[in-house]
Each structure stands twice: as structure tokens, then as C-alpha cells.
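Comments concern the structure below.
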Amino acid sequence: MSPRPTGVPGTSPTLLPTAAEIAELRRVAERVANEAAAHLRTLPAPRESGAVTTKSTPTDVVTASDREIEDLLRTRLAELRPGEPVFGEEAAGDAAAARWVVDPIDGTVNYLYGLPWFAVSVAAVVDGVSVAGAVVEPASGRVWSAAAGQGATCDGEPLRVTDETDLSLALLGCGFAYDATRRGRQAAMIGRLLPQVRDLRRNGSAALELCGVAAGRADAFVEHGLGWWDWAAAALIAAEAGARVVAVSGRAGEHAGELGGEITVVATPGVADALVEALSEAGAAEV
């Protein structure tokens with residue numbers, strides 16, 4: 001059996017891994033993400049050590065822990081899967097050749113402030129398509145994972161999205177960009193969308209928000225400007241739990257003309273079409 005990777009838009013792999021190979025990639029993703037999360041728990045709090053710098057804007061922070069954890073992920077993947085290129089948030093790499101996509105700390109601002117909503121994310125990809133992945137929460141120890149065609153779990157328990165069909169009763173997760181101008185446009189869009197949904201939630205980690213959709217803790221998630229590392233594992237987890245991955249940032253999706261190419265939209269199938277229409281009317285393509 002050689003299942004086709006599902007849920008994450010992108011070029012289909014030219015050589016599909018077998019089911020057994022995909023299951024092994026999932027085990028590797030879980031193992032290295034767990035090891036990285038365990039190591040992260042031993043590191044000093046960044047506000048105590050002062051090991052904090054910024055990237056794109058003064059609010060876009062990176063800590064010494066981000067770099068140390070990414071180094072660890074790359075080292076362990078090189079040991080367990082020698083010769084397979086890694087693409088990551090901090091040290092980048094060749095995206096076209098990547099077999100692994102890693103985010104050492106998704107939710108760095110939460111981590112900086114001592115909030116528990118941050119995660120280590122590891123995805124195995126083939127021709128740019130996620131085939132296995134794991135998201136581990138260091139604070140709680142939860143392990144979210146999925147393999148293409150083999151379902152998604154949290155701590156071994158199967159995940160399933162909600163069966164909500166009414167957008168007005170849907171709980172929506174969202175995130176905002178670091179750039180102040182774009183953040184203002186996002187806020188305006190969300191303001192137009194908010195009266196059309198049950199309510200809004202934001203925890204500051206896109207990976208955990210997407211896992212939340214997979215677990216039925218929210219009915220949908222939307223954010224502009226995410227990096228590949230943000231969604232590579234978590235969007236697959238959501239898709240394998242039954243979510244519809246409408247679009248992921250940086251990939252031309254089925255609604256790119258209506259919503260733009262920088263948006264990520266994942267939703268339970270029953271509200272996906274209505275959410276796309278509402279986002280389009282709210283000006284998503286201009287954000």
C-alpha cells in the first residue's frame with residue numbers, strides 16, 4: 001500500500017513512500033521532537049538569561065533556545081536519517097531539497113513570557129508535501145502526530161474534527177503578523193468576520209492552533225504570513241483528523257484568487273466553504 005499524502009496543497013511526490021516508510025518517518029518525527037522538547041525544558045528562561053534578539057521587527061523575537069533546539073533537531077535527524085536535508089526557521093536551508101521541515105519553538109513570544117502555549121514541530125516531506133509529522137508541547141508533554149493516510153493522534157488517542165456546519169456557531173482561531181501595518185489590516189479583516197462566527201480565540205502558536213482544530217477544540221483557523229515550518233506538521237495533523245486544508249501560506253491553493261497567497265485556512269469541512277466566502281468578503285486578499 002502506498003497512500004498519497006493528503007491535506008496539504010503542493011506538488012504530489014514523484015516517488016511515494018510505502019505505508020511502512022511513512023510510519024517510520026512518523027516515529028522519527030515524534031522521537032526527535034520529544035527529545036528537543038525535553039532539552040528545552042532544561043534551558044534557562046530567556047528573560048532571565050537575556051539571550052533574546054529580534055529578526056524582522058522589534059516584536060519578532062528569537063532566543064538562544066530557538067537556535068540551540070534547532071541545532072539539536074538537525075543533529076539528531078542527521079544521525080537518524082543521514083543525508084536527508086533539513087529546512088528550518090532559524091538556519092533555513094534548501095527548501096526545494098528539504099526532506100525535513102523543523103520549527104524549534106513555535107510560539108517564541110509565549111515562551112519568552114513564560115506562557116505554556118509553545119511547541120516543537122518536525123515534519124517529513126517528499127517533494128514539498130508533508131507525509132509525517134509531530135508537534136510536541138514542552139509545557140504539557142503532549143505529543144500530536146500524523147502520518148499521511150494513517151490518521152492523527154494526541155498522546156496515542158485518535159483525533160477528529162468537529163461536525164459543525166453553521167459558520168455562525170463556529171469557534172475560530174487566528175493569529176497576527178509581526179509587522180504593525182499588516183497586523184492592522186488583519187485586525188480590520190477579523191473585525192468584519194467576528195460578527196459572523198461564534199467567537200474568536202488566539203493562543204499565539206499556529207502549530208497548536210492547527211492541532212486544536214484537529215482535536216475539535218476549534219472549528220477553523222486563519223492567519224496570514226505563516227512560514228512553512230509553522231504548518232508543515234500541524235496542517236497534516238489537522239488534515240488527517242478530517243479537516244479541510246483550504247490554503248497554506250506560500251502555496252497556491254484552490255482559493256488563491258479570492259484569499260491571496262499568504263493566507264493559511266484550515267477548517268472542519270462543514271464550515272469551510274462559508275468561511276472562504278466570509279473571508280473573501282472581509283477583504284482577505286488585501287491583507
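Take the conditions under 19 Å from Ala123 (Cβ atoms), modelled with pLDDT of 95 or more and surrounded by fewer than 16 Cβ atoms within 10 Å (Cβ to Cβ) and apply them to Arg27. Does it pass? In short, yes. Condition check for Gly225 on (1) under 22 Å from Asp66 (Cα atoms); (2) open to solvent by less than 20 Å² (accessible area, probe 1.4 Å): one failure, at (2). For segment 250-266, the count of residues that are at pLDDT 95 or above and closer than 17 Å to Thr162 by Cβ is nonzero. Restricting segment 277-287 to residues that are outside any loop (DSSP other than H, G, I, E, B) and surrounded by fewer than 24 Cβ atoms within 10 Å (Cβ to Cβ) leaves a set whose member that is nearest to the chain's Cα centre (by Cα) is Ala285.
Just to verify a result, which residue in segment 196-209, among those that are surrounded by fewer than 23 Cβ atoms within 10 Å (Cβ to Cβ) and not β-branched (Val, Ile, Thr), is nearest to Ala278 (Cα to Cα)? Looking at the filtered set, the residue picked out is Gln196.
Among the residues making up segment 177-195, none is open to solvent by 40 Å² or more (accessible area, probe 1.4 Å), under 16 Å from Ala285 (Cβ atoms) and assigned to a loop (DSSP other than H, G, I, E, B).
A quick yes/no check of all residues on (1) polar (S, T, N, Q); (2) touching a residue at least 40 places away in the same chain (Cβ under 8 Å); (3) open to solvent by 60 Å² or more (accessible area, probe 1.4 Å):
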{"site": "Pro85", "(1), (2), (3)": "no, no, no"}
{"site": "Gly88", "(1), (2), (3)": "no, yes, no"}
{"site": "Ala96", "(1), (2), (3)": "no, no, yes"}
{"site": "Pro104", "(1), (2), (3)": "no, yes, no"}
{"site": "Asn110", "(1), (2), (3)": "yes, yes, no"}
{"site": "Pro116", "(1), (2), (3)": "no, no, no"}
{"site": "Val120", "(1), (2), (3)": "no, yes, no"}
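Yes or no, residue by residue, for (1) among the acidic types (Asp, Glu); (2) in contact (Cβ under 8 Å) with a residue 40 or more places away in the chain; (3) open to solvent by 30 Å² or more (accessible area, probe 1.4 Å):
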residue	(1), (2), (3)
Cys211	no, yes, no
Asp230	yes, yes, no
Leu236	no, yes, no
Ala241	no, yes, no
Glu258	yes, no, yes
Gly270	no, yes, yes
Ala274	no, yes, yes
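The values are calculated or read from the model by the stated rules, or taken from the named source; none is laboratory data. From a predicted model like this one, the values you see are computed outputs, not experimental measurements. Neighbour counts are summed over all protein chains in view; Cβ atoms, including those assigned to glycine, are modelled from backbone coordinates with ideal geometry. For the accessible areas, the whole protein counts, side chains as well, though only heavy atoms, and no ligand, DNA or RNA atoms are used. Shrake-Rupley method; radii C 1.70, N 1.55, O 1.52, S 1.80 Å.
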